[in-house]
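Below you'll find the structure, written out as structure tokens, and then a few comments.
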Amino acid sequence: MSVSNIVLKKPVPEDGANVYGLVKKCPPLDANSVYCNLLQTSHFADTCVAAKRNDTQELVGFVSGYVLPNDPSTLFIWQVAVSESARGEGLAKKMVVNLLTRQSCVEVKFIHTTITKSNQASWALFRGLSKQLETDFKESIQFDQELHFNGQHDTEFLAEIGPIRR
Ligand SMILES: CC(C)(COP(=O)(O)OP(=O)(O)OC[C@H]1O[C@@H](n2cnc3c(N)ncnc32)[C@H](O)[C@@H]1OP(=O)(O)O)[C@@H](O)C(=O)NCCC(=O)NCCS
């Protein structure tokens with residue numbers, strides 16, 4: 001599938017159940033719940049992106065994010081999901097960059113996300129993004145396997161991209 005046949009939109013609540021279905025098919029992402037996706041596609045729609053096929057309107061990509069409640073200069077990217085059929089064509093990066101063009105992100109100077117050590121695709125995506133934005137990339141521990149997850153989940157490393165010049 002060519003990315004030129006895909007349109008990027010602000011999601012609507014009616015997308016929530018399809019987001020759940022997409023994320024579920026994108027390991028190692030946590031599937032969360034339909035209710036969580038409904039909140040993302042309603043309350044947080046301004047900082048989420050839905051990628052749909054032009055012809056069928058099938059949801060093939062989704063980015064969930066929010067501006068940190070105590071820091072309007074930082075956009076936190078929660079999850080990025082691209083269906084297998086649409087991978088390898090720059091869609092994930094395009095969706096994140098699309099968010100930076102939104103009115104809701106005019107004050108954003110930094111992008112934060114968390115990544116487990118083994119998620120090579122995610123490291124590549126966000127390192128590639130920092131290169132494209134010609135800015136710095138820093139990593140540190142955000143949520144520790146023992147301290148925060150009681151040993152139930154791998155450590156989540158914070159990746160910080162910025163400052164972003166526009
Ligand atoms: C990770 C994921 C979102 C990438 O989607 P995509 O549209 O194929 O990514 P892009 O084409 O925009 O690629 C962005 C960069 O990551 C690199 N990349 C993408 N997938 C990769 C992989 N599996 N292994 C290594 N590098 C990868 C690309 O080469 C590109 O690098 P560049 O910027 O240097 O050119 C997709 O594979 C996915 O949904 N995976 C499952 C869920 C997941 O792990 N999400 C992680 C983010 S929370």
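The values are calculated or read from the model by the stated rules, or taken from the named source; none is laboratory data. Because the structure is predicted, anything quoted here is derived from the model rather than measured. Here Cβ is always computed from backbone atoms with ideal geometry, including for glycine, and neighbour counts include all displayed protein chains. For accessibility, only protein heavy atoms count, side chains too; no ligands or nucleic acids. Shrake-Rupley method; radii C 1.70, N 1.55, O 1.52, S 1.80 Å.
Quick notes on this structure:
- With N counted as the residues of the range 28-150, its alpha-carbon radius of gyration over 2.2 N^0.38 Å works out to 1.07.
- Rg to Rh quotient for the range 1-47, alpha carbon positions, Kirkwood Rh: 1.01
- Our summary gives the chain a relative contact order of 18 percent, counting only alpha carbon pairs under 8 angstrom and 6 or more residues apart.
- Distance (nanometres) between label positions extended 7 Å along Cα→Cβ at D71 and N150: 2.8
- Summed over qualifying helices (DSSP H, 4 residues or more, each -39500 (n - 2.57)) and divided by its residue number, the chain shows a 222 nm mean residue ellipticity of -7000 deg cm²/dmol.
- Cα-centred dipole magnitude for the range 83-138, charges only on beta-carbon of K, R (+1) and D, E (-1), debye, nearest 20: 100
- Of all lysines in the structure, those lying under 20 Å Cα to Cα from K109, and not within fewer than 8 positions of it along the same chain, are K93, K94, K131, K138.
- Among the protein heavy atoms of the range 19-83, carbon and sulfur supply 57% of the accessible surface, probe 1.4 Å, non-protein parts ignored.
- The GNM of the chain, with springs linking C-alpha atoms under 10 angstrom apart, assigns the highest mean-square fluctuation among I111, I141, I77 to I141.
- Residues of the range 60-88 with amide N under 20 Å of a point placed 7 Å along Cα→Cβ from D136: 68, 71-77
- Label-zone membership for the range 61-91, site V97, 7 angstrom Cα→C-beta point, backbone N under 14 Å: 89-91
- Span-rule helices in the chain, defined as complete DSSP H runs reaching 15 Å or more along the axis (Cα) with Kyte mean at least -1.0: 120-132
- Top of S130, S42, S140 by mean-square fluctuation, Gaussian network on the chain, Cα under 10 Å: S140
- For the range 2-47, the residue among P11, L38, C26 whose Cα projects farthest onto the positive side of the dipole built from Cβ charges is C26.
- Contact order normalised by residue count of the range 66-116, Cα under 8 Å, 6+ apart, percent: 48
- Relative contact order, percent, the range 89-166 [alpha-carbon distance under 8 Å, six or more residues apart]: 36
- Among E14, E107, E146: highest mean-square fluctuation, GNM of the chain, C-alpha pairs under 10 Å: E146
- Accessible area per residue in Å² at 1.4 Å probe, computed on the chain: 54
- Dipole magnitude of the range 1-58, debye to nearest 20 (Cβ charges: Lys/Arg +1, Asp/Glu -1, about Cα centre): 100
- Taking the Cα centre of the range 64-166 as reference, the dipole from Cβ charges on Lys and Arg (+1) and Asp and Glu (-1) amounts to some 520 debye.
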